[in-house]
């Protein structure tokens, strides 16, 4: 990692093993020496300080648009993936974003989700029952991922028998956005996007009334949204709804176990762990007009990288930012982003973490790491390859 403070340039391979395993060390240096910088490998200006990142996320001078990922441009066309990216409400702005997000937002309202706590606990008990007799498990594969998949699929109305197929398609698509993406991965993501788009209408026909897929199908049938909008929104929710949640779960558990915390877990413990170990490290925004921010002059259309995980460690916003303080108040971390694109699934994620983690420690009081957890090469996501535990 090389920082040229004079030219405000960062030379850092996001796949560098040291960075993959401990990005917080790099973020601390950037915050101290050069919080606004041009990241050569991303070919864009990036911001690390809380004030600027938070301001851009909330600013109407910046927005989202279809983004192919970490800068890799495939040699062969990827029309199915491009269609998904262009029509996903994650990449839309203004009335289009509000209309598409509004169709499914009620399903994720925290008041409605409170009634799901019992279902989350039931699913958690079932998964722990399966693990209990073994004495060891990969908490990512055996607990966090199936819990996340079963929960989001229930909300969206996907029959359990399709779970593995849908989860695998989403996982293949997500790899298109990672720093490790190459031509083979891009084409595999393209194939997955095409298969996923063909599957969505079939899943929607079988979805129960008032589920997410049923709502999207009804909107398409009345002409409120297009078939492409319907498919892309469903694919987004079914993929993002479990990939990031599963990583958040194991990140929080890993952090708590590393500090010997197994009892008395409060929402404050969860929020502080999310601040220190968010599953999403970076978001992209695009300048909608010429603008100067953080001392950087941008042209309309320029993209910027917003380092959410670095902003969560900014000493200008968080006293003793690397310390774990579950009593930290307020704790306005950006693990779920901010502004109009604030994570739709944040209430569901908090419900999962606050319900299932205490239950896991209660059922398996001797739970501990079987080995140090190696972080996976997933940037801009962040989480372990697996979380091997014993009890």
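Observations on the structure shown:
- R0 of 22 Å, Cβ-Cβ distance residue 110-residue 329: FRET efficiency to nearest 0.05: 0.70
- Distant alpha-carbon pairs in segment 252-326 (separation over 13 angstrom), percent: 72 percent
- Segment residue 129-residue 222, length gained on full extension (0.36 nm per residue, minus Cα span): 29.0 nm
- The Rg/Rh ratio of segment 227-355, with Rg taken over Cα atoms and Rh as the Kirkwood radius over Cα pairs, comes to 1.03.
- Separation in nanometres of the label points that stand 7 Å from Cα toward Cβ, at residue 65 and residue 183: 2.8 nm
- Cβ-derived FRET efficiency at R0 35 Å, residue 13 paired with residue 117, nearest 0.05: 0.25
- Largest GNM mean-square fluctuation across 245, 367, 147, computed for the chain with C-alpha springs under 10 Å, falls on 367.
- Summed over qualifying helices (DSSP H, 4 residues or more, each -39500 (n - 2.57)) and divided by its residue number, the chain shows a 222 nm mean residue ellipticity of -15000 deg cm²/dmol.
- Per-residue Cβ neighbour rank within 10 angstrom, fewest leading, 284, 292: 292, 284
- The GNM of the chain, with springs linking C-alpha atoms under 10 angstrom apart, assigns the highest mean-square fluctuation among 285, 215, 99 to 99.
- Candidate values (1) 4, 18, 21, 17, 13, 11, 7, 5, 3, 1, 0, 0; (2) 5, 24, 33, 24, 10, 3, 0; (3) 5, 23, 33, 27, 11, 1, 0, label of the one derived for P(r) over Cα pairs in 10 Å bins from 0, in percent: (3)
- Label-point gap, in nm, between residue 29 and residue 162 - each point 7 angstrom along Cα→Cβ: 4.7 nm
- Look at 108, 249 and count the other Cβ atoms within 10 Å of each Cβ; fewest to most, that gives 108, 249.
- By other beta-carbon atoms within 10 Å, ranking 269, 286 with the fewest at the front produces 286, 269.
- Over segment 1-145, relative contact order from alpha-carbon pairs under 8 Å, at least 6 apart, %: 12 percent
- FRET E, pair residue 86, residue 202, Förster distance 30 Å, beta-carbon r, rounded to 0.05: 0.85
- Between residue 300 and residue 136, the simple spin-label model (points 7 angstrom out along Cα→Cβ) gives 6.0 nm.
- The length gained by stretching the chain between residue 171 and residue 363 to full extension, at 0.36 nm per residue less their Cα-Cα distance, is 66.2 nm.
- Prolate/oblate/rounded label for segment 151-240 (Cα gyration tensor, a/c 1.5): prolate
- Computed with the Debye formula from one identical point scatterer per Cα of segment 77-232, without solvent, the log10 of I(q)/I(0) at q = 0.15, 0.19 Å⁻¹ comes to -0.93, -1.30.
- Centroid-to-centroid separation of segment 184-237 and segment 104-179 [C-alpha atoms, Å]: 19 Å
- Tensor-based shape of segment 308-368 (alpha-carbon gyration tensor, a/c under 1.5 rounded, otherwise prolate or oblate): oblate
- Highest-fluctuation residue, 324, 81, 62 considered, GNM on the chain with Cα pairs under 10 Å: 324
All of the numbers you see were taken from the coordinates with simple rules; none came from a lab. All values reported here derive from a predicted model rather than from experimental measurement. No Cβ is skipped: glycine too gets one built from the backbone with ideal geometry, and neighbour counts run over all protein chains shown.
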